[in-house]
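These notes are about the structure you will find just below.
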Amino acid sequence: MANADERRFDVLRAIVADYVSNQEPVGSKTIVERHNLGVSSATVRNDMATLEEEGYITQPHTSAGRIPTDKGYRLFVDRLSEIKPLSAAERRAITTFLDSGTDLDDVLRRSVRLLAQLTRQVAVVQYPMLTNAAVRHLEVVPLTPARLMLVLITDSGRVDQRTVDLGDVITEDGVARLRTVLNTAMSGRRLNEAAARVAELPDKSPGDLRDALIRVCTVLVESLAEHPEERLVLGGTANLTRNVADFPGSLRQVLEALEEQVVVLKLLAATRNPGAITVRIGEENEDEQMRSTSVVSIGYGQDMVLGGMGVVGPTRMDYPGTIAAVRAVANYVGQILSGR
């Protein structure tokens, strides 16, 4: 019986491969000709009948061909033992392209563009999550004797610049002391903890720094309390329009859903372990507008998840190639951001 199950899975795998490649329903004769399964057309036909009864394939119209269902794709993805690795040239191209990113915004924009090109799907990347980020350093730069620029750098690669009007002049020594006080309170702390420490500083500060600290701390608390993880970068939306037939009557709904950040954030919400791929197929997607799509997502980061990234495309997707590309880009983005 196990052999029969394996053979039927080989038939399903052949149907998935041919349908993803050609977008045409697959018949038993085609499977025998293209795939060396070592069995007759009659055996393949019997296996296809069983697969159809069990809900793994379906007949879209009265032809001999069958196409995979969501359940069929699910079984195929769950049993992917080998993910086709990217070539050395592809890996080099990814590294070179992402390494030349100038800052966090540029790295994320490049990641989305690259992922969309590699998979020919819609790519999406979530900004690093503040809940996991800690303050690496705060630089305080005097622009004028009464105006400062604050440059907040986190361990997730975020760089935030703010200017503060002090309302009074401050000496170079005052700026140096301000820098020391702020970094002592913030460095190495999670952003919410750093915000709480900063809010307490004016009450504990030397009298000559108190007014300057009140103004600086007000701006810093605002900066620390922002939520850039609710910001997303999308790319390759036009890729969906290449195969309108994959979204019968629902492409517009999919495009509208992708414009809603809440929907896309939900798609990435399951990515909590760095390097762990999540594949949601068709009906498995919670949002009704996305039920004609598959979503391949992953958390990026080295020791902890900084944010989520992934691709959205039709259920008729090259799953092994897409999973390999998503995993590779996430891995490089995690390395780049942890090294900044």
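The values are calculated or read from the model by the stated rules, or taken from the named source; none is laboratory data. All of these numbers come straight from a predicted model, not from anything done at the bench. Areas reflect the complete protein model, heavy atoms only, side chains present, ligands, DNA and RNA absent. Shrake-Rupley method; radii C 1.70, N 1.55, O 1.52, S 1.80 Å.
Amide H to amide H under 5 Å from residue 294: which residues, 5+ apart in sequence or cross-chain, H placed 1.01 Å off N in plane?
When sequence neighbours closer than 5 places are left aside, the close amide H contacts are 282, 313, 315.
Pop out the carbon and sulfur fraction of the accessible area of the chain as a percent, whole number, probe 1.4 Å.
Its accessible area is 48 percent carbon and sulfur atoms.
Going from most exposed to least, what order do 303, 70, 106, 173 have by accessible area with a 1.4 Å probe?
Working: 303 150, 70 45, 106 20, 173 95 Å².
Of 303, 70, 106, 173, the descending order of accessible area is 303, 173, 70, 106.
May I ask you to give the average projected area over all directions of the convex hull of the Cα atoms of the chain, in nm² rounded to one decimal?
20.7
Return one whole number: the accessible area per residue of the chain in Å², for a 1.4 Å probe.
Ligands and nucleic acids excluded, the result is 48 Å² per residue.
Restricting the calculation to Cα positions, tell me the Rg (one decimal) and the Dmax (whole number) of the stretch 40-186 in Å.
Answer for the stretch 40-186, Rg first and Dmax second: 28.1, 90 Å.
Angle, helix 41-53 long axis vs. longest principal axis of the chain, Cα atoms, 0 to 90°, nearest 10?
50
How do 35, 137 rank by accessible surface area computed with a 1.4 Å probe, from largest to smallest?
These residues rank, largest area first, as 137, 35.
Can you give the accessible area of residue 288, probe radius 1.4 Å, in Å² rounded to 10?
Per-residue accessible area (residue 288): approximately 140 Å².
Once the whole set of protein chains is in place, how much accessible area is left on residue 319, using a 1.4 Å probe, in Å² to the nearest 10?
0
Averaging the inverse of every distinct alpha carbon separation and then flipping it gives the Kirkwood radius. What is it for the stretch 53-109, in angstrom units?
Details: mean 1/r = 0.0653 Å⁻¹.
Over the stretch 53-109, the inverse of the mean reciprocal pair distance is 15.3 Å.
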